[in-house]
Structure formats: structure tokens, C-alpha cells
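In what follows, a structure is listed as C-alpha cells, so that the remarks can point back to it.
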Amino acid sequence: FTSRQVYLPLDEPMDLTLGLSKQLCEQIGLDRVYFEYVRDVARMVEKRGRVLHYWGYPVRTHPEWGMEMPSGAIAHTFPHTAERFAGTGIPFYVGSFANGTLSIAGTTDYSTGVVSKGVENALRYGADGVWTYEFGDDGHWHAPPVTLVGYAHSAAVIWGYESNRHESLSDVLNTHVFMDSSGVAGTIACDLGNVYSHPGLDSSAIPEGNAVEVPEGVNADNLWHILEGAIMLTDPGDRWDSAWDSIFNGDRSLTAHGLGDAADYIDQVISSMPDASMSRVDSGLISDEFRLGASMQKHACRLGQALVNTSGKNVSEIGRGSRKKLADELGPIVEEFRRLWLLRSRPGGLSHSAGLLERLLGYYKQ
């Protein structure tokens, strides 16, 4: 590579203390074992004339150790932990999720708010840079245009925070991303991305105890949790147990009526897609990708309605007739998901992301 920078996240060391590292962790502590590994990797990178970018834990909690890192190594941190690097002398970047992470069609208001907060804190606490990223853990179900929403907003506020943070996101998307003279595509992108906040999807807060340092008040896409939970809860002790319990058995549980209202709203949002007038060569593909997102959201609503009427909130308890209807709807969605994926992306990851949906389809057919 021509770049002199190497990005190695080196985060989430789930196996520490469980294997060969157990004795050493007991002697000097997990954080220290983890840090020394990251430090040694950074030194290896430095010897080869390059600079390491790494996720900043555990120097976030032990900033005094940062002085042991090569002077050029750059830590990465979340918006809500940027303050910990202020005055430490440790070079650092602030990173924020783009838009689609752990969602079906985005979480527009939440994700743009987090990115804006990241830029604000980067300026306040002296960060060396800001970046925006996403990941596809547990299935990468959102299409590329969903990510473009987050990247476009990020580019605007990172380049000029004060001058751009109050701009209309839908207008910016129509002008610079979707090139839609009708103003439709940008509005649909933002509105589908805000379906997660529809009143019919409001529920008890989902515990985030398994995530590392997730800030309070994180908004969740409950439709994503419905699909993910229906798939993952077949594995005993899966980490989605707590989320599932919150949205279906919490003090503010989802209701069939609320889910139905949300499905109607999704129909309303996507109904204007034929009116879009994008001058991009991939305008037809973008339209299909947003329609797929809306179809997946509506399917999650219908699955949620079916589960609300069961005692154990398990797919196996849904009546055979209802499961057949769900299967008849999900089958074409999976086929379209596979088709659209390969029009933009390499096959890597497709079998996993589509395979999760196919698992759910299999449960419907049992």
C-alpha cells in the first residue's frame, strides 16, 4: 500500500482471560495485558515506517499508559469518550457510526446527532481528526444509499461544522447525493431512516449492557431487533434475550396496533418513490434499494404483530396460516436482497447477511 498509515482496530478482545492469557491477566490485570499487546503491535508498525491507528481502549481508562505508545500512533474513540483524551498528549481521532449500523434503513436523527456531537467534541477536546464508519455485525441489512445519508452529513459537518450543521439534510442529499430535482429521494432517505422513532415503535429502553461504553439514551431500531431477535433467540443464552424481553414484555411493550400504524407510515413514505427524478445513472437501483428497505421494515412490523399475539413471543407459536403468509412475503424479499447486493458489492458477507434472513424463512416453514 502507498499509505504510511495502518488501521488495526484491535478492539473487543473477547477471548482475554479465557485461554493462554488467563494466568497473565490474573497477575497484572486484563487491561494491562491488552494494552501491552496493542503497544507491541504499534511498535512493530513503527519499525516499518508506518503509523498505527487503533481503538483507544484501554488508554481511555489509563491515559498514563499512552506515553508508552509510539509518538505517532493515533487512538480512536467515541464522541462521548473524547473528553478523556483532552490534555493527555495522546494523538486521537473521534469516530462515529454513519447511519445504517444495527438498523434496516438507518436511524437518521440519532446517527446524525451522534456525528455532530463527535465533531463538536473533537473541536472542544483537541482531536487530531474525525471520521465516520459503520459495520455489519449480525447482518448487514441496509443498502449502500442508507450509508450515503450518514457520509454526506458527516462530510458537511466535518468540513465546516458551524456553517453546515443547520443545513437541511434532505435538501443537501437531493442536490449533492441523489441529484433529484423533484426533492423526493432525499426526503424518502431521511424519513425511512427515521421510522425507528415512529410512536408505534416506541417501547421500553433496550439494555445495552453487552456493548462497550455505549452512551445513555441510545436509540434503537426496534424493527431491526424484531428480525434479529426472531432469528437469534433460537440459540439459548443469546445476547438478544434482554432486548427481546424489553420490547415485548417491558413496561411499554410494542402493540399490534402500534406496529400496524408504523407499517402504514412506511407505505406512505415509500409511495412517493415513483415521483423521484434522479439524474444519476444508478437511479433505478437506488429506488429498488429504498423499496427493499421499506419492504423489510414492513415485514418486521407484521412479524411483530404476529408475535404480540403469542404467549412466549416465539416464532414457533405463530399459527401455521400466519407463518405461511410471512414466508410468502419474506421469500421474495430475500431474493431481492441477494440480487441487489451483487449489483454493488462483492459476494463476501452476502451468505451471512442473507443467510440470517433465510434462517427466519426456515422457521416460518417448519
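Sorting the segments 125-134, 180-189, 60-69, 254-263 by their mean number of nearby beta carbons within 10 angstrom, highest to lowest, gives 180-189, 254-263, 125-134, 60-69.
Counting only residues at least eight positions apart within a chain, or on another chain, the aspartates and glutamates with an alpha carbon under 19 Å from that of Lys313 are Asp202, Asp221, Glu228, Asp235, Asp238, Asp241, Asp245, Asp251.
Surface analysis of the chain yields an accessible area of 48 Å² per residue, using protein heavy atoms and a 1.4 Å probe.
With a simple spin-label model that places each label point 7 Å from the Cα along the Cα-to-Cβ direction, the separation between Arg43 and Thr61 comes to 2.4 nm.
Basic side chains Lys and Arg get +1 at the Cβ, acidic Asp and Glu get -1 at the Cβ, and with that the dipole of the range 16-91 about its Cα centre reaches some 260 debye.
Compared with the direct C-alpha span, the chain from Ser168 to Ser197 gains 8.6 nm at full extension, assuming 0.36 nm per residue.
Other residues lying with their Cβ under 13 Å from the Cβ of Asp202 contribute a combined charge of -2, Lys and Arg counting +1, Asp and Glu -1. Note on Thr255/Arg280: beta-carbon distance plugged into 1/(1 + (r/R0)^6) with R0 of 35 Å gives a FRET efficiency of 0.30.
When you restrict to C-alpha pairs under 8 Å that are six or more residues apart and normalise by the size of the chain, the relative contact order lands at 13 percent. So what is the diffusion coefficient of the chain in µm² per second by Stokes-Einstein at 20 °C and 1.002 mPa s, using a Kirkwood Rh over Cα pairs? Answer, rounded: 96 µm²/s. Surface composition of the chain: carbon plus sulfur atoms hold 53% of the accessible area, using a 1.4 angstrom probe and ignoring ligands, DNA and RNA.
Highest average first, the peptides 37-47, 82-92, 142-152 ordered by how many other beta carbon atoms sit within 10 Å of their residues are 142-152, 82-92, 37-47.
Of all complete DSSP H helices in the chain, not one has a Cα span along the helix axis of 24 Å or greater and a mean Kyte-Doolittle hydropathy of 0.5 or more. Helical content alone sets the calculated 222 nm signal of the chain at -15500 deg cm²/dmol, taking -39,500 (n - 2.57) per DSSP H segment of four or more residues and averaging over every residue.
DSSP beta bridges fully contained in the chain are about 5 percent antiparallel.
Summing charges over neighbours of Val45, with a neighbour being any other residue whose Cβ is under 12 Å away from its Cβ, gives +4 when K and R count +1 and D and E count -1. Charge dipole (Cα centre; +1 on Lys/Arg Cβ, -1 on Asp/Glu Cβ; no other charges) of the chain amounts to roughly 860 debye. Residues of the range 286-309 falling in the label zone of Glu329, defined by backbone nitrogen less than 11 Å from a point 7 Å along Cα to beta-carbon, are 295-307. Taking the Cα-to-Cβ direction at Glu26 and at Ser316 and moving 7 Å from each Cα, how far apart do the two end points lie in nm? For the pair Glu26/Ser316, the computed spacing is 4.0 nm.
The values are calculated or read from the model by the stated rules, or taken from the named source; none is laboratory data. The shown structure was predicted, so the numbers you read here are calculated from the model rather than taken from an experiment. Quick reminder, even Gly has a Cβ in these numbers, built from the backbone with ideal geometry, and neighbours come from all protein chains shown. Side chains included, ligands, DNA and RNA excluded: accessible areas come from the protein's heavy atoms. Shrake-Rupley method; radii C 1.70, N 1.55, O 1.52, S 1.80 Å.
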